[in-house]
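Below: one structure, written as structure tokens.
The values are calculated or read from the model by the stated rules, or taken from the named source; none is laboratory data. Here the structure is a predicted model, which is why all the values come from computation and not from measurement. So basically every Cβ, Gly included, is an ideal-geometry build from the backbone, and we count neighbours across all protein chains shown.
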Amino acid sequence: MPRSRRARRLRGSLLAFAFLVPALLGAAPGGSGETISLAGSEPGLRLDVTLTRVVDPAAPAGQEPAGNERLVATRFRLENTGTAVYRDSPASAAHLLTTTGHRFSGEDIPTTAGPAFPETVTLDPGGTVEGFVTFRLPRDSDPAAVQFALDAGLADDVGHWSLPLS
């Protein structure tokens with residue numbers, strides 16, 4: 001096969017791969033600040049989730065992180081648009097992905113960025129709540145995206161926001 005034809009075929013394959021990866025991973029793509037509607041495994045469980053702010057680095061509201069770590073705080077707005085009561089931990093529902101492909105789970109770490117979610121949030125249909133989820137990651141890591149899924153992060157429906165959030 002001629003070289004130019006191989007290059008076109010490779011470019012086409014790479015473009016297809018770039019568009020298919022989020023779909024294969026089950027992630028609903030979202031831009032920074034975009035609201036994504038997510039379903040849980042329980043009938044009637046649905047939230048509109050918005051990533052509204054990213055604070056990087058976030059100053060701890062207590063104990064300092066280890067010398068090679070930093071905190072990144074992410075603020076979410078959760079609105080229960082379903083018919084079932086949402087009862088879950090937003091920290092375990094959130095993950096931060098780095099440019100090198102590492103995945104970090106959210107934690108209930110207080111920061112000066114703002115109030116964290118309580119360990120468990122109970123939200124009746126029609127209710128809204130906002131709060132921060134914090135991530136502890138190596139100081140030299142570059143955040144690339146944040147993900148959120150109901151059912152302690154295990155639901156099939158996953159929201160995905162590219163960073164940085166301006």
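The table below gives the values:
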quantity: Condition check for A58: within 13 Å of F117 (Cβ to Cβ), in contact with a strand residue (DSSP E or B) (Cβ under 9 Å, 6 or more places away or on another chain) and either of a type in the set (G, A, S) or buried (at least 22 other Cβ atoms within 10 Å of the Cβ) (or both); calculated: no
quantity: Strands (runs of 3 or more DSSP E) contained in the range 83-166 and holding at least 1 residues at pLDDT 95 or above and of a type in the set (G, A, S); calculated: 94-98, 103-105, 128-138, 143-149, 158-162
quantity: Out of R53, R87, sole residue that is free of Cβ contacts under 8 Å to residues at least 60 places away in the same chain and under 23 Å from S37 (Cα atoms); calculated: R87
quantity: Test: residue in the range 145-160 that is in contact with a Pro (Cβ under 7 Å, 6 or more places away or on another chain), within 19 Å of S41 (Cα to Cα) and of a type outside the set (D, E); calculated: yes
quantity: Hey, S105 in contact with a His (Cβ under 7 Å, 6 or more places away or on another chain) and of a type outside the set (D, E) or not; calculated: yes
quantity: Condition check for N68: buried (at least 20 other Cβ atoms within 10 Å of the Cβ) and polar (S, T, N, Q); calculated: no
quantity: Answer from R77, R103, R136 - the residue that is over 20 Å from I36 (Cβ atoms) and among the basic types (K, R); calculated: R136
